[in-house]
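Asker: I have a structure here, written as structure tokens, and I will follow up with some questions on it.
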Amino acid sequence: MTTELTLTTDSRQDGTVSLIASGEIDLSNVGTFCSALAEATKNGTATVDLREVDYLDSGGINVLFTYADRIRIRANPLLRPVLDVSGLAELVDVE
């Protein structure tokens, strides 16, 4: 069973790209998240907005590590400990 995850991409005229996620990121939908992140970063840096994500498993963390040199993260405060413990917050600008 796939966990509910909604992904929206916002591209502004100045070239800024945001990938906005809501729901949960886990093994059932991490492939979809990875594909969306690949698309969002294909021309440069993107902001990954996780403020509406309630759960992020190790698969989602691994995807974020893969793109660490091309992303900024806006995180739900509940996710901040996971980003800190994983070491991702040391590599990526997290707000």
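The values are calculated or read from the model by the stated rules, or taken from the named source; none is laboratory data. These figures come from a predicted structure and were not determined experimentally. Glycine also receives a Cβ, built like all others from the backbone with ideal geometry; neighbour counts cover every protein chain displayed. Just the protein is used for accessible areas: all its heavy atoms, side chains included, with ligands, DNA and RNA removed. Shrake-Rupley method; radii C 1.70, N 1.55, O 1.52, S 1.80 Å.
Asker: Keeping all protein chains in the complex and leaving out DNA, RNA and ligands, what accessible area do you get for Tyr67 with a 1.4 Å probe, in Å² to the nearest 10?
Answerer: So the heavy atoms of Tyr67 present about 20 Å² to solvent.
Asker: What is the gain in length, in nm to one decimal, between Asn43 and Ala89 on full extension, counting 0.36 nm per residue of separation less the C-alpha to C-alpha distance?
Answerer: Values: separation 46, 0.36 × 46 = 16.56 nm, distance 2.28 nm.
Here the segment from Asn43 to Ala89 would lengthen by 14.3 nm.
Asker: Oh, and also: Report the accessible area of Asp69, computed with a 1.4 Å probe over the heavy atoms of all protein chains in place, in Å² rounded to the nearest 10.
Answerer: For Asp69, solvent-accessible area is about 120 Å².
Asker: Just to make sure I understand: if all protein chains stay in place, what is the order of Glu95, Glu90, Glu24 by accessible area at 1.4 Å, largest first?
Answerer: The most accessible residue leads, giving Glu90, Glu95, Glu24.
Asker: Could I ask something else about it? Mean residue ellipticity at 222 nm from the helices of the chain, using -39,500 (n - 2.57) per DSSP H segment of n ≥ 4 over the full residue count, to the nearest 500 deg cm²/dmol?
Answerer: Working: 4 runs with 31 residues, N = 95.
So the helix-based figure for the chain works out to -8500 deg cm²/dmol.
Asker: In whole percent, how big is the carbon plus sulfur part of the accessible area of the chain, probe 1.4 Å, protein atoms only? Intermediate results must be reported in sequence, preceding the final value.
Answerer: Details: 2620 of 5390 Å².
The nonpolar share, carbon plus sulfur, comes to 48 percent.
Asker: Now for a different question. Among (i) 0.97; (ii) 1.35; (iii) 1.21, only one was calculated for this model; which label is it, if the read-out is Cα Rg over 2.2 N^0.38 Å?
Answerer: Here the calculated entry is (i).
Asker: If you don't mind, another one. Might you work out the accessible area of Val85 for me, using a 1.4 Å probe with all protein chains in place, and round it to the nearest 10 Å²?
Answerer: Surface open to solvent at Val85 totals about 130 Å².
Asker: Tally Lys and Arg at +1 and Asp and Glu at -1 over the other residues with C-beta under 12 Å from the C-beta of Ala75: what net charge comes out?
Answerer: Numbers: positive: Arg51, Arg72, Arg74, Arg80; negative: Asp49, Glu52, Asp54, Asp84, Asp93, Glu95.
Neighbour charge sum, excluding Ala75 itself: -2.
Asker: Follow-up question, since we're still on this one. Work out, step by step, the length gained on full extension between Ser18 and Thr66: first 0.36 nm times the residue separation, then minus their alpha carbon distance; give nm to one decimal.
Answerer: Here the segment from Ser18 to Thr66 would lengthen by 15.6 nm.
Asker: Just the accessible area per residue of the chain, please: how many Å² with a 1.4 Å probe?
Answerer: Working: 5390 Å² over 95 residues.
Here the residues of the chain average 57 Å² of exposed surface.
Asker: Where in the chain is the longest stretch that carries no trypsin sites (Lys or Arg not before Pro) classed as loop by DSSP and with at most 10 other Cβ atoms within 10 Å? Present the calculation step by step, with values, prior to reporting the outcome.
Answerer: Values: sites that count: Arg12, Lys42.
Here the longest segment lacking exposed loop sites spans 43-95.
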